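A.B. asks: Please read through the structure below; I'll follow up with questions.
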């Protein structure tokens, strides 16, 4: 195992003071990047803001190597409080935990989550039989935490069947919960009882949706209900939306709000967080493969009449909602010369084997020191050669690194 340690030589105190003053008065916007999750392949993001003030995303997961969408499994949750720094909360559910599920596993497709009375309900589509597309059901797992300790239960009786996937649960301002499912051009809705796992009445078809394919998402802004979905655009789906004065419809189509992302599929969610609306979606920017997708986020804006402006897909992502934390003045620094470790490990300076940061070079006379090149100085605001960096890494006695 190798660990690189960068040590900074002291520089002129007056220069240190001037830099400190400059940094306290300089505000540099910090942006994330799209896709914003790069550790695993994720798709179908379902975004929610919970009472702890964090924004949580519940995506599906594409397994690498992919076999179509058959192997999708192992749901993870991600959260943030600034839209730039994301935390992987870990895996919350996989197919092997679903007692009633397909014996061969896989097929853990686009999920959603809802919270009521302190209980989090995780809804996921999964087949109950080998003939997967004929046996879809909507399973439910519950927890008292938003991103851990989910216990799988049964499935919602009366929902599912051929192509009925992509659950979306919307809780209205009056507390009534609705569950939407859809696929293969067919979208349905039903009320949920207060226990959030049983239907309250009949399942209804959604009317007024133009070119509906799948990926239902419902949200409310002011007094208008919005239903977004993936359409049947040839080869590459788009995200369209419709509006209504009721969560049960009928709906009035308003067209496309997200153009194709490069994938043949498209699936999104919309949420307001700290005064800004965001559109979540997926693309294939990391893999170049339509079945190894990655989730993204960009800002969403509305016109005065409530219609949605076309979302601009960016590589930069969205800016942080608050500044990065200030440097810790009590941070402890150690010199390699006085460092010690157990079991006889020694420290060896091997900076020559480590490429210098962009815009820096290794002086010929001192190979253990990085000095900024003219281009590097310009990129750093014209700072002169104040302070040098060396690098060391521990080498184990056994010869491992």
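A.B. asks: Going through 159, 192 one at a time, which residue ends up being modelled with pLDDT of 95 or more, under 26 Å from residue 52 (Cβ atoms) and crowded, with 16+ Cβ neighbours inside 10 Å?
C.D. replies: Result: 192 is the single residue among 159, 192 that is modelled with pLDDT of 95 or more, under 26 Å from residue 52 (Cβ atoms) and crowded, with 16+ Cβ neighbours inside 10 Å.
A.B. asks: Just wondering, is there one or more residues in the stretch 83-101 that are within 14 Å of residue 43 (Cα to Cα), in the same structural domain as residue 177 (by TED's automatic domain parsing), in a loop (DSSP other than H, G, I, E, B) and modelled with pLDDT of 95 or more?
C.D. replies: No, the stretch 83-101 contains no residue that is within 14 Å of residue 43 (Cα to Cα), in the same structural domain as residue 177 (by TED's automatic domain parsing), in a loop (DSSP other than H, G, I, E, B) and modelled with pLDDT of 95 or more.
A.B. asks: OK, next. Can you tell me which residue among 134, 174 is over 27 Å from residue 74 (Cβ atoms) and out of contact with any strand residue (DSSP E or B) (no Cβ under 7 Å at 6 or more places or on another chain)?
C.D. replies: The unique qualifying residue is 174.
A.B. asks: Something else now. Restricting to the stretch 164-176, give me the number of residues that are without any contact (Cβ under 8 Å) to a residue 40 or more places away in the chain and over 14 Å from residue 192 (Cα atoms).
C.D. replies: Selection size over the stretch 164-176: 1.
A.B. asks: Shifting gears a bit: Would you please name the residue that is nearest to residue 280 (Cα to Cα), looking only at residues in the stretch 95-104 that are out of contact with any strand residue (DSSP E or B) (no Cβ under 6 Å at 6 or more places or on another chain) and surrounded by fewer than 16 Cβ atoms within 10 Å (Cβ to Cβ)?
C.D. replies: Once the filter is applied, the top-ranked residue is 96.
A.B. asks: What tally of residues in the stretch 219-245 results from selecting those that are in contact (Cβ under 8 Å) with a residue 60 or more places away in the chain and assigned to a loop (DSSP other than H, G, I, E, B)?
C.D. replies: Total satisfying the criteria: 1.
A.B. asks: Only residues that are farther than 21 Å from residue 35 by Cα, in contact (Cβ under 8 Å) with a residue 24 or more places away in the chain and in a loop (DSSP other than H, G, I, E, B): list them for the stretch 246-273, please.
C.D. replies: 247, 248, 249, 250, 251
A.B. asks: Tell me the residue from 70, 117 that is farther than 17 Å from residue 289 by Cβ and surrounded by fewer than 17 Cβ atoms within 10 Å (Cβ to Cβ), please.
C.D. replies: 117
A.B. asks: So which residues in the stretch 274-325 are without any contact (Cβ under 8 Å) to a residue 60 or more places away in the chain, outside any loop (DSSP other than H, G, I, E, B) and within 21 Å of residue 41 (Cβ to Cβ)?
C.D. replies: Once the filter is applied, which keeps residues that are without any contact (Cβ under 8 Å) to a residue 60 or more places away in the chain, outside any loop (DSSP other than H, G, I, E, B) and within 21 Å of residue 41 (Cβ to Cβ), the stretch 274-325 yields only 279.
To keep it simple, each residue is scored yes or no on (1) within 18 Å of residue 59 (Cα to Cα); (2) surrounded by fewer than 22 Cβ atoms within 10 Å (Cβ to Cβ); (3) at pLDDT 95 or above.
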| site | (1), (2), (3) |
| --- | --- |
| 208 | no, yes, yes |
| 220 | no, yes, yes |
| 235 | no, yes, no |
| 241 | no, no, yes |
| 253 | no, yes, yes |
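A.B. asks: Another question, then. Taking strands (runs of 3 or more DSSP E) that do not extend beyond the stretch 1-72, which have at least 1 residues that are at pLDDT 95 or above and out of contact with any helix residue (DSSP H, G or I) (no Cβ under 8 Å at 6 or more places or on another chain)?
C.D. replies: Once the strands (runs of 3 or more DSSP E) in the stretch 1-72 are filtered for at least 1 residues that are at pLDDT 95 or above and out of contact with any helix residue (DSSP H, G or I) (no Cβ under 8 Å at 6 or more places or on another chain), what remains is 41-49, 55-62.
A.B. asks: I've got another one for you. May I ask you to verify whether residue 110 is without any contact (Cβ under 8 Å) to a residue 60 or more places away in the chain, in contact with a strand residue (DSSP E or B) (Cβ under 9 Å, 6 or more places away or on another chain) and either within 20 Å of residue 76 (Cα to Cα) or surrounded by 16 or more Cβ atoms within 10 Å (Cβ to Cβ) (or both)?
C.D. replies: no
The values are calculated or read from the model by the stated rules, or taken from the named source; none is laboratory data. Predicted model, so just to flag it, every value in this text is computed and none were measured. We place every Cβ from the backbone using ideal geometry, glycine too, and count neighbours over all the protein chains shown.
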